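The values are calculated or read from the model by the stated rules, or taken from the named source; none is laboratory data. None of the values given here were measured: they were computed from a predicted structure. When we count neighbours, we look across all protein chains shown, and the Cβ atoms used for this are built from the backbone with ideal geometry, even at glycine. Each accessible area value is taken on the protein alone, full model and side chains, heavy atoms only, with ligands, DNA and RNA left out. Shrake-Rupley method; radii C 1.70, N 1.55, O 1.52, S 1.80 Å.
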Amino acid sequence: MARASRHNLFIDRRIPHTPALGHRARLLAHPVQSGGRTLIVVVAASTEAVFRGRERLALILAILSPLLGALLSAGGWLLAGAALRPVRRMSREADAISLAQAGRRLPHPEGEDEIAQLGRTLNAMLDRERMFLDDASHELRTPIAVLRAELEVALLESGDREALERSLRSALEEAERLAHLAEDLLVLARATAGRLPLRRRPVDVRALAEQAARRGVNGTGGRSGPGVAVAVDGPATLAVVDPARLEQVITNLVGNARRFARRHVQVRVRTDGDDVVMTVADDGPGFPAALLPVVFDRFTRAEAARSHEAGAGAGLGLAIVAAIVRAHGGTISAGNGPPLGGAAVVVRLPIDETGPVPEPV
């Protein structure tokens with residue numbers, strides 16, 4: 001009563017049953033001043049209809065909620081099935097594609113959504129793999145054909161000792177070329193699968209560069225123009241690498257630079273923070289600008305064209321270099337310009353063993 005004498009007070013409560021109000025009502029207590037006294041006027045309204053409506057709504061929801069959930073689930077399942085149907089088609093087609101059907105491609109919807117982009121990406125990957133198989137077949141076919149021809153000549157000239165020796169020496173050169181190409185393809189395959197074996201230990205990168213440069217000058221680093229000088233500079237720098245693989249990187253880069261240099265090739269070794277940086281540069285014409293983005297691809301047209309002009313190589317040298325560098329956790333980039341005005345390849349390797357460790361093979 002004290003509260004009701006100061007302001008309006010609403011109360012919801014059960015009351016004895018009356019014909020007008022039922023069992024439930026909302027009461028309003030309102031203070032009124034009369035003759036200097038405060039009177040409390042109480043009025044009531046039935047809330048039976050509200051409670052019956054709530055009960056009916058609860059019953060309807062209890063009945064319809066499972067049905068609504070089932071409808072939503074079915075709709076979601078149908079929509080997901082329709083959205084993933086192109087993926088299932090691509091999956092079936094991918095299972096059906098074999099080496100005998102290398103020209104088949106995955107069906108994908110038109111448009112710019114994620115599934116269409118996935119289909120185009122997978123088809124581009126298949127195109128690259130088919131190009132790799134075509135190029136590898138071509139490169140393998142050439143030395144095999146020459147080897148067979150030389151052996152046939154050797155059989156025909158078995159009575160001529162000098163001619164027989166020439167044919168056998170030529171056949172041996174082609175066999176060595178074939179073995180080298182097979183080893184290159186194996187290195188790329190292992191690197192692609194993340195299984196390129198690395199035997200890391202601390203190595204003086206500067207000393208290794210000098211060793212590779214001397215090997216190139218002595219004639220094992222590939223053909224070069226007359227009078228091409230190879231200079232190695234920079235401080236002695238230790239890095240935890242596979243010396244045989246890193247020597248392969250340096251030999252390939254120096255050999256490639258010497259083939260196209262006019263007079264000078266420079267190998268510069270330095271440190272940059274936690275990395276050792278090696279730059280191999282030449283004063284030749286440089287890489288074709290349009291092909292710089294793909295210069296490290298397998299059988300890239302840039303290196304293959306340059307190498308075949310020089311009379312050697314299958315377009316795998318820079319691809320192998322990039323694969324070995326990345327297996328060490330490093331990066332590689334190619335460009336034209338400084339320091340000698342021609343091609344420049346920059347290799348960056350972690351000084352410590354921070355690169356990925358391949359699985360043993």
### Task
Taking all protein chains together and a probe of 1.4 Å, list Leu318, Leu156 from the most accessible to the least accessible.
Leu156, Leu318
## Note on the structure
Rounded to the nearest 10 Å², the accessible area of His264 using a 1.4 Å probe with every protein chain kept is 100
### Task
Please list the non-local residues whose amide H lies under 5 Å from the amide H of Gly234, H modeled 1.01 Å from N, same-chain partners needing a gap of 5 or more.
Val269
### Query
Sorted by mean Cβ packing within 10 Å, highest first, what order do the peptides 61-67, 333-339, 236-242 take?
236-242, 333-339, 61-67
